[in-house]
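Student: Provided herewith is a single structure, encoded as structure tokens, for subsequent inquiry.
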């Protein structure tokens with residue numbers, strides 16, 4: 001017997017308008033991304049096959065809602081009125097993103113064009129403190145950037161928090177975060193009750209998944225159809241998986257736990273309780289210890305400096321970490337059939353030493369590498385990937401369903 | 001900048017009817033699966049929110065097209081005419097499935113209710129022969145079951161071939177199959193030119209992906225929202241991944257290469273050229289060799305008999321294979337966040353010995369196992385999984401887009 005399809009719902013006239021609003025908005029967004037041109041109503045009608053009148057009415061609604069704006073008409077060059085180009089507007093809609101990083105908290109507000117309009121960070125957050133205090137500090141930071149954004153006339157329509165570990169987005173809870181020592185924290189309830197955040201729609205999600213969203217949103221990446229595994233993380237290691245231009249979330253949003261993929265079943269113990277996990281080779285703590293830098297309580301910067309100076313132990317540790325990363329990533333490519341591997345998070349600045357061993361392992365261990373190579377590239381997003389992705393998540397929802405924001 | 005969404009197209013009136021036809025058909029199919037009841041037009045209208053008249057017109061079109069049928073009305077029990085129940089019809093639409101197995105070829109025709117209406121198999125196909133001969137033998141078999149199905153009045157609307165290795169479905173080619181020794185074979189061209197298959201729409205796909213489709217289609221599985229990794233294969237090892245009730249294909253349909261996930265980077269050599277792949281522990285050849293049964297050219301049956309007899313070497317080989325399978329599957333669950341692991345293919349009859357070690361490794365190595373266990377179950381589909389899935393693939397396309405088959 002065929003399985004039921006509980007998702008399929010009948011299409012109705014209202015759905016039609018909502019879908020068409022999103023279609024027109026997506027065309028405007030795509031043109032901005034693709035080639036910097038601003039499409040006219042006529043160009044959108046031609047590209048979508050919709051009637052001119054329909055497109056015009058939808059564009060008027062989006063203009064009124066402040067989601068798109070009209071460029072001044074170009075100079076007349078012949079007969080007829082020149083068409084006004086359309087682009088996304090950065091004047092009204094904006095979104096808040098917040099990240100609980102390894103040693104810092106960052107908050108930013110991005111407008112609908114993706115531009116960062118406000119940003120603040122705190123460097124010295126003690127992540128080992130009680131969740132209430134750590135989350136409270138992040139909420140304080142958020143309230144600050146919200147005030148900054150509102151002073152610019154922006155309407156912040158929602159916010160998202162990037163968290164490490166197993167995040168239950170539907171319930172708003174952080175279920176398990178070994179590197180924070182947190183277990184089942186009701187993050188959304190704590191944040192929503194914070195003075196200054198009441199009433200703002202909030203979401204929580206995994207930092208690696210959000211970094212992948214940021215990677216997708218970054219200008220210069222070819223939109224649509226893209227697929228990759230993005231390695232992220234600072235202390236731990238996570239991965240954001242993108243297939244066919246869309247984040248792969250898994251059944252509960254707990255996909256991408258690359259840091260706990262086994263590299264060698266008899267390998268060194270990992271903080272999670274198992275042996276031979278990737279984090280036990282390439283996580284920050286293991287890497288610094290193998291590099292002989294643990295005693296100095298140094299960070300990734302110290303490791304990079306030592307590698308640049310050609311020190312033997314750090315170079316050997318990076319070689320081994322790159323091999324382990326390559327083994328785990330080869331498994332991911334074999335299972336997921338993504339096009340490429342992207343080194344982000346703490347791996348990005350270490351890519352000069354990691355990428356070689358990663359490429360070697362991929363070439364040996366990915367079945368399809370016999371036909372088609374697996375490109376390894378360095379993330380285009382900086383260390384702010386997760387916080388940028390958090391805001392992008394909220395903005396993407398606006399683009400997917402703009403009807404709620406227009407009359 | 002937000003990425004473009006090339007998939008989004010404007011909705012039109014014709015789309016509306018096509019979607020609504022599919023919605024009604026899905027309701028009929030779901031009810032058949034869920035509880036054996038046959039919904040009336042009124043029940044479908046109530047469940048979907050569509051108008052009674054709209055539903056009636058759509059049902060009439062589906063009845064005329066032979067996709068659904070009306071049950072005789074139940075006896076009158078009160079005032080008013082009792083409603084006729086609707087169910088999928090097995091009288092018209094059917095689909096062909098063919099599988100190139102390890103040592104045999106199977107072909108079957110299933111009707112729209114999923115019932116097998118014709119089946120044939122050849123046991124002694126030499127898979128190491130030239131592709132033309134092996135594919136020709138499978139085409140002969142297909143022509144036979146097609147004739148059988150057509151004699152029953154069935155309209156076979158298409159067929160699908162289940163192949164091992166990296167299959168390029170869009171191009172109809174088998175790109176790489178280490179266990180067959182084939183490389184870049186234009187399967188679709190060879191099959192389409194075979195006498196008796198001309199004009200029949202054909203597709204090719206990976207056997208593990210199709211086995212997952214069969215697992216989804218099997219009665220008794222709860223429909224919708226299900227997610228699992230299904231281990232398949234006879235000689236080699238593949239996996240079909242299902243997330244949220246839908247097969248995960250990957251960028252080229254090359255996902256699920258579980259057999260080449262690394263278990264131990266320094267492990268034994270694999271046929272693919274790498275070391276320590278899962279197949280080097282749990283593939284049929286490795287398993288039989290470690291069990292001391294390779295010399296007898298025995299199959300999985302011999303291994304099962306030896307294990308039942310309590311022979312030490314076979315039991316140790318199965319224990320080690322189960323451990324290796326568990327390590328690779330733990331990586332898959334960490335990366336994909338599926339609900340469950342399903343042992344199918346050659347692993348199904350060996351599950352009494354494999355499932356224990358698999359469970360132990362999953363419990364140790366899956367991060368989310370600290371919160372939520374990973375159930376291991378044995379596939380409900382038999383050794384015909386891939387061929388059943390091949391036919392189901394074609395039938396699912398009819399259910400997804402029935403408009404082409406109705407006036």
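Student: How far is residue B:363 from itself in the other copies, in nm, if each label sits 7 Å out from Cα along the Cα-Cβ line, shortest first?
Tutor: Copy-to-copy label distances for residue B:363: 4.3 nm.
Student: Run the label-point distances for residue B:47 please: 7 Å along Cα to Cβ, every other copy, nanometres, shortest first.
Tutor: Going from nearest to farthest copy, the values are 4.0 nm.
Student: Then there's this: For chain A, state the average projected area of the convex hull of the C-alpha atoms over all orientations, rounded to one decimal in nm².
Tutor: Orientation-averaged projected area of the Cα hull: 24.9 nm².
Student: Quote the Stokes-Einstein diffusion coefficient, in whole µm² s⁻¹, for the protein assembly as shown, based on the Kirkwood radius over alpha carbon pairs, a temperature of 37 °C and a viscosity of 0.692 mPa s.
Tutor: The estimated diffusion coefficient comes to 115 µm²/s.
Student: Ordered by packing density, taken as the mean number of other Cβ atoms within 10 Å over each peptide's residues, highest first, how do B:344-350, B:315-321 rank?
Tutor: Highest to lowest by the protection proxy: B:344-350, B:315-321.
Student: Taking Cα atoms, how many degrees apart are the long axis of helix B:13-34 and the longest axis of chain B, rounded to 10 and kept between 0 and 90?
Tutor: Computed tilt is about 70 degrees.
Student: Considering only B:322, B:172, B:153, give the residue with the highest GNM mean-square fluctuation for chain B, with springs between Cα atoms whenever their separation is below 10 Å.
Tutor: B:153
Student: Then there is this: Calculate the mean, over all residues of peptide B:239-245, of how many other protein chain Cβ atoms lie within 10 angstrom of the residue's Cβ.
Tutor: Partner Cβ neighbours, averaged per residue: 3.
Student: What angle do you read, to the nearest 10 degrees and between 0 and 90, between the alpha-carbon axis of helix B:312-336 and the longest principal axis of chain B?
Tutor: Once rounded, one gets 50 degrees.
Student: OK, next. To the nearest whole number, what is the average tally of beta carbon atoms from other chains within 10 Å of the beta carbons of peptide B:370-379?
Tutor: The per-residue average across the peptide is 2.
Student: Provide the FRET efficiency to the nearest 0.05 for the residue A:289-residue A:198 pair, computing r from the beta carbons and using R0 = 51 Å.
Tutor: Rounded to the nearest 0.05, the efficiency is 0.70.
Student: Any chance you could check the Cα centroid distance between segment A:338-353 and segment A:238-292 for me, in angstrom?
Tutor: For segment A:338-353 versus segment A:238-292, the Cα centre distance is 14 Å.
Student: Please report the spacing between the Cα centers of segment A:84-118 and segment A:354-407 in Å, no decimals.
Tutor: Centre-to-centre distance over Cα atoms comes out at 19 Å.
Student: Between copies, how close do the residue B:186 label points come, placed 7 Å along Cα→Cβ, listed in nm from shortest?
Tutor: Counterpart label points of residue B:186 in the remaining copies fall at 6.5 nm.
Student: Using only Cα atoms, find the angle between the long axis of helix A:207-217 and the longest principal axis of chain A, and express it within 0 to 90 degrees, rounded to the nearest 10.
Tutor: On a 0 to 90 degree scale, this one is about 50.
Student: Over chain B, with a Gaussian network built from C-alpha contacts below 10 Å, which listed residue (B:369, B:282, B:351) shows the highest mean-square fluctuation?
Tutor: B:369
Student: Oh, and also: What does the highest-first list of A:300-309, B:62-71, B:21-30 look like by mean Cβ count within 10 Å?
Tutor: Result, highest mean first: B:21-30, B:62-71, A:300-309.
Student: Per-residue ellipticity at 222 nm for the protein assembly as shown, helices alone: DSSP H runs ≥ 4 residues times -39500 (n - 2.57), over residue total, nearest 500 deg cm²/dmol?
Tutor: Value at 222 nm, helices only, nearest 500: -12000 deg cm²/dmol.
Readers should treat all values here as calculations from the given coordinates under stated rules, not as data from a laboratory. Bear in mind the structure is a predicted one, so any value in this text is a computation, not a measurement. Positions of Cβ are backbone-derived with ideal geometry, glycine not excepted, and every protein chain shown enters the neighbour counts.
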